[in-house]
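Colleague: Can you read through this structure? Questions will come right after.
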Amino acid sequence: MKILTGNDLKTGAVTWWDGQGWSLHVEDAVDVGDAADEIMGREESARRVNVPYAIEAELDGSGKVRPAHIKDRVRALGPTVRPDLTLKPAEPEALNWVI
Amino acid sequence: MYKYDQYDQAMVDARVEEFRDQTRRRIEGSLPEEQFRPLRLMNGLYLQLHAYMLRVAIPYGTLNGAQMHALADIAEKYDRGYGHFTTRQNIQYNWIKLEEAPDLLADLAKVEMHAIQTSGNCIRNISSDHFAGAAADELVDPRPYAEILRQWSSFHPEFSYLPRKFKIAVIASDTDRAAMRLHDIGIQIVKNDAGELGAAFYVGGGMGRTPMIAPCINGFVPLDQLITYTEACVRVWNRYGRRDNKYKARIKILVHELGAEEYTRQVEEEFAHMLEQGIEPPLAELERIRGYFQDPDFKTGLTDRADRSDPEFALWIDRNCHPHKAPGYVSATISLKPVGGIPGDASVEQMHLMADLATEYSFDECRVTHAQNIVLPHVEIGRLHELWTKLEAAGLGTPNLDRIDDIIACPGLDYCSLANARSIPVAQKISERFAANGKADELGQLKLKISGCINACGHHHAGHIGILGVDRKGVENYQLLLGGSEAEDTSLGKITGPGFNEDGIVDAVEKAADVYLANREEGERFLDTYRRIGMDPFKEALYG
C-alpha cells in the first residue's frame, strides 16, 4: 500500500494522511493508491502539511499499518533511544515494531 | 572571553527580527517552503525526522556560565528537557517548533549567541582546541585568531553562497585536539626561527564521503596577513568549486584534482594580488580582540597536589584532567558518556549544574569539545575533589576520557533525516559490553567513533576504531574501520571487510580489542599496535 507522510508546518510534528486530514498516528494512515500527487499538492498548498511524500507500507500481522522502511518507522514512533519521548512511552515493546 | 560590541549585538538582533518576519510569512503562506528552506537553514533550523532541529553556534566551543544556563533554559522552554552537544562544538535541540523559533533566537541573542553559520553553504562556525588559553603546550591562545576569522566570515557577501559548506579550525600547539587536518582549512599558529608567530595553513582536508587529510600549503603566513591568506584560499575554491555536483564541491576535491602544488600556486597568486588591496583588518583590531582573551586572574602559591586517597577520585584525575599552563591548575573534562548513555546529551539539570560549576570553579568559563564532552578549563587542583564530588552526584563524573566508552556518535537514524542507520544504540551497547567485561581499563586509550551515514558527523574515518552505519536493502548494517586518528598523527581508517548487524558489530569491536590485547607491546596504544601489525590479524579474528 502507498501512504502519505509529512510534517506539521508550525510544530514540525510527523503526520500521516488519514483520508480526511493529518494524524499523528501512523495506524490512521490510509492507502492513497494513485491519488498521492493530487492530495499532496492540495494539502501542501493549504499549508496543512509541510514537505509531504509518499512511502510504501504494509499491514502487519495485527492489521496495523507498518511503513516499509525503518526510517519511516522511527519517524512514526519516535527515537528508539528515548522511549519516554516516543508516542508510546508506556509500551517499551513498541520499539520491536520499529526494528 | 569575547564580548559583543554594539555592531555584533545589532547584527544578531536584526537577524532575529528578519527571521521572525520570514517565519511569519511562511506560516501565513506568502513564502513557500522552497524559498523558506534556505532562509531557515541560514538560521540553523533544519527539518529532521521528528521535528525541526535547531543547531546553535558556539564559537570555538567557548561558553560562560550565563550562556550555559541560557542553553538549559532553552532546552526546558522550547525543547524536551535536554540538548545534544555535537562534534562541531555546538549544541542541537531536536524538538523545536517553527512558530517558536524566532522567540528562541531572541532568547539566545540576549546572551550573545545565535544560530548563524551552523548550516548552509557558508563558512561555518570556527572550531578550536578545547584547552585553548589553558593548555601547557600551546604557543598562544588560538581563540583571538578564531574570533577574528569568525567576524571576517560572518555575513561575508562573497562567501554567502559557496559551492558547499566550509569548515575552519585553529589551533596553537603541536598536539592537535581539534582534528585540524580534517577541516577545509586547518590553521596552526606556529613560531619561526626568528621567534615570530605565524600561521601554517593546511587546506583540503575533510571527512564525509571522500575523506582526505589536508596538505600543508604554506608553513608560515605572518599573522598580519592571516585574513588575506584565508580569503585567497577560499576565493580560489569559490572560483572553481563544482557547484554542478555537490559530491565534488568541497575544497578537498579541488585541491586533490588540481594537486596541492597547483592549488597553492593559484592561492599565492591571488594572495599577492589581494595584498595590494589592503583588506587585512588593522592589527589594532586583533589586539582589541586579544584583550578579551587575557588570562584570568590565576592565583599563585597553590598546591599542585590533590589528595588521592579516594581511588575513584584519583582515577578521575588521571583520566579526565589535563595539564595547565598555570601552576596549581588543571583543565577538567566532564564526560557526557556515562555507561549506556547517549553520547553528548545533557539534561536541563546537568546543563545548569555545569554552568554553576564553571562559574564557581573555572572563572565562569566552560568549553564544548569535538568529542562531545564539556571542559572546565581553569580548575584549582586543591578544589578538584570538591568539584568531582558534585559531578559524581549528578552522574557527570565518569572517568573515561579517550577510552573505548568515551564514544563519539552522531544522532544517527534516531533523529537525523540523512542517516542510514542508528548510531546511538550501537554506542550504548559497546559501552555496556566493555563495562561488563572489564576490558575498558585494560585497553587504555582507544578512540571509537560512530557515524550513521557517509557524511561522517561521527568522525568514523578518524577513529582508532570507526563504525559506519549503512542501509543494506532497508536493514541497518555496520562497517568496521581501523587505524584512523584525528590527532597530530592524522590518519584515515580502513574498512576491515563485510559489515555486521547491530549485535555483530559489538562482537566485532570486542574481537578487534582482543587482537590488540594479544599483540600489544609495552606502551603501545591500540592505534600503535594496529599500525605495527597491520590489518591481517584483525581480519583473521573477524572473518577467519
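The values are calculated or read from the model by the stated rules, or taken from the named source; none is laboratory data. Worth saying up front: this structure is predicted, and the values here are computed from it rather than measured. In this analysis, Cβ positions are derived from the backbone assuming ideal geometry, glycine residues included, and neighbour counts consider all displayed protein chains.
Colleague: Looking at segment B:179-193, is at least one residue free of Cβ contacts under 8 Å to residues at least 60 places away in the same chain, under 24 Å from B:His130 (Cβ atoms), in contact with an Asp or Glu (Cβ under 9 Å, 6 or more places away or on another chain) and assigned to a loop (DSSP other than H, G, I, E, B)?
Modeller: no
Colleague: So, B:Asp364, is that one touching a residue at least 12 places away in the same chain (Cβ under 8 Å), surrounded by fewer than 24 Cβ atoms within 10 Å (Cβ to Cβ) and farther than 29 Å from B:Gln294 by Cβ or not?
Modeller: Against the criterion (touching a residue at least 12 places away in the same chain (Cβ under 8 Å), surrounded by fewer than 24 Cβ atoms within 10 Å (Cβ to Cβ) and farther than 29 Å from B:Gln294 by Cβ), B:Asp364 does not qualify.
Colleague: Next up: Could you give every pair whose Cβ atoms fall below 7 Å, whose first residue belongs to segment B:22-37 and is at the interface with chain A (Cβ under 10 Å from one of its Cβ atoms) and farther than 12 Å from B:Leu98 by Cα, and whose second residue is of a type in the set (Val, Ile, Thr) and not in a helix (DSSP H, G or I), counting only separations of at least 6 or pairs across chains?
Modeller: Close Cβ pairs (under 7 Å, with a partner that is of a type in the set (Val, Ile, Thr) and not in a helix (DSSP H, G or I)) amount to B:Glu33/A:Val51.
Colleague: Let me ask you something else. Between a first residue in segment B:245-259 that is assigned by TED's automatic domain parsing to the domain that holds B:Met212 and a second residue that is surrounded by fewer than 17 Cβ atoms within 10 Å (Cβ to Cβ) and assigned to a helix (DSSP H, G or I), which pairs have beta carbons less than 8 Å apart while being 6 or more apart in sequence or on different chains?
Modeller: From segment B:245-259, the pairs are B:Leu254/B:Tyr240; B:Leu258/B:Tyr240.
Colleague: Only one residue in B:Ile279, B:Ile227 is of a type in the set (Val, Ile, Thr) and at pLDDT below 95, so which one is that?
Modeller: B:Ile279
Colleague: Restricting to segment B:199-244, and then to whatever is of a type in the set (D, E, K, R), touching a residue at least 12 places away in the same chain (Cβ under 8 Å) and part of a helix (DSSP H, G or I), can you tell me which residue is surrounded by the most Cβ atoms within 10 Å (Cβ to Cβ)?
Modeller: Out of the qualifying residues, it is B:Glu231.
Colleague: Filter segment B:472-486 for residues that are out of contact with any Asp or Glu (no Cβ under 9 Å at 6 or more places or on another chain) and assigned to a loop (DSSP other than H, G, I, E, B) and give the result.
Modeller: Within segment B:472-486, B:Lys473, B:Gly474, B:Gly483, B:Gly484 qualify.
Colleague: Does A:Trp17 fit the bill of being in contact with a Leu (Cβ under 9 Å, 6 or more places away or on another chain), away from chain B (no Cβ under 12 Å) and under 26 Å from B:Arg37 (Cα atoms)? Steps first, answer last, please.
Modeller: Working: in contact with a Leu (Cβ under 9 Å, 6 or more places away or on another chain): yes; away from chain B (no Cβ under 12 Å): yes; under 26 Å from B:Arg37 (Cα atoms): yes.
Yes.
Colleague: Here are the criteria: (1) farther than 23 Å from B:Tyr93 by Cα; (2) within 11 Å of chain B (Cβ to nearest Cβ); (3) touching a residue at least 24 places away in the same chain (Cβ under 8 Å). Tell me which single one A:Ala68 does not satisfy.
Modeller: Every listed condition holds for A:Ala68 apart from (3).
Colleague: May I ask you to list the residues in segment A:46-85 that are among the polar types (S, T, N, Q) and either modelled with pLDDT of 95 or more or touching a Phe, Trp or Tyr at 6+ places or on another chain (Cβ under 6 Å) (or both)?
Modeller: Just the residues of segment A:46-85 that are among the polar types (S, T, N, Q), to begin with: A:50, A:62, A:80.
Once the filter is applied, which keeps residues that are among the polar types (S, T, N, Q) and either modelled with pLDDT of 95 or more or touching a Phe, Trp or Tyr at 6+ places or on another chain (Cβ under 6 Å) (or both), segment A:46-85 yields A:Asn50, A:Thr80.
Colleague: Working only within segment B:102-122, note down all residues that are part of a strand (DSSP E or B) and either within 13 Å of another protein chain (Cβ to nearest Cβ) or free of Cβ contacts under 8 Å to residues at least 40 places away in the same chain (or both).
Modeller: Scanning segment B:102-122 gives no hits.
Colleague: Something else about it: Determine whether B:Leu63 is of a type in the set (A, V, I, L, M, F, W, C), buried (at least 23 other Cβ atoms within 10 Å of the Cβ) and away from chain A (no Cβ under 14 Å).
Modeller: Criteria met by B:Leu63.
Colleague: Exactly one of (1) away from chain B (no Cβ under 13 Å); (2) in contact with a Lys or Arg (Cβ under 9 Å, 6 or more places away or on another chain); (3) hydroxyl-bearing (Ser, Thr, Tyr) is unmet by A:Ser62. Its number?
Modeller: (2)
Colleague: Among the listed residues A:Glu91, A:Glu56, A:Glu38, A:Glu44, which satisfies the condition of being acidic (Asp, Glu), closer than 12 Å to A:Met1 by Cβ and either within 14 Å of chain B (Cβ to nearest Cβ) or more than 13 Å from the chain's Cα centre (by Cα) (or both)?
Modeller: Exactly one residue qualifies, and that residue is A:Glu56.
Colleague: Determine, yes or no, whether B:Glu285 is in contact (Cβ under 8 Å) with a residue 24 or more places away in the chain and among the charged types (D, E, K, R).
Modeller: In short, yes.
Colleague: Looking for whichever is among the aromatic types (Phe, Trp, Tyr), surrounded by fewer than 21 Cβ atoms within 10 Å (Cβ to Cβ) and within 18 Å of B:Ala394 (Cβ to Cβ) here; the options are B:Phe298, B:Phe313. Which one fits?
Modeller: Testing whether each residue is among the aromatic types (Phe, Trp, Tyr), surrounded by fewer than 21 Cβ atoms within 10 Å (Cβ to Cβ) and within 18 Å of B:Ala394 (Cβ to Cβ) leaves just B:Phe313.
Colleague: Of the residues in segment B:38-48, how many are hydrophobic (A, V, I, L, M, F, W, C), surrounded by fewer than 23 Cβ atoms within 10 Å (Cβ to Cβ) and within 12 Å of chain A (Cβ to nearest Cβ)? Don't jump to the end; show me each part of the working.
Modeller: Going residue by residue through segment B:38-48, those that are hydrophobic (A, V, I, L, M, F, W, C) are B:39, B:41-42, B:45, B:47.
Next, from what is left, pick out any that are surrounded by fewer than 23 Cβ atoms within 10 Å (Cβ to Cβ): B:39, B:41-42, B:47.
Cutting the leftovers down to within 12 Å of chain A (Cβ to nearest Cβ) gives us B:47.
Of the residues in segment B:38-48, 1 are hydrophobic (A, V, I, L, M, F, W, C), surrounded by fewer than 23 Cβ atoms within 10 Å (Cβ to Cβ) and within 12 Å of chain A (Cβ to nearest Cβ).
Colleague: Then there is this: Looking at segment B:136-154, is at least one residue in a loop (DSSP other than H, G, I, E, B) and aromatic (Phe, Trp, Tyr)?
Modeller: no
Colleague: Output yes when any residue across segment B:436-450 is surrounded by 24 or more Cβ atoms within 10 Å (Cβ to Cβ) and in a helix (DSSP H, G or I), and no when none is.
Modeller: Checking segment B:436-450: not a single residue is surrounded by 24 or more Cβ atoms within 10 Å (Cβ to Cβ) and in a helix (DSSP H, G or I).
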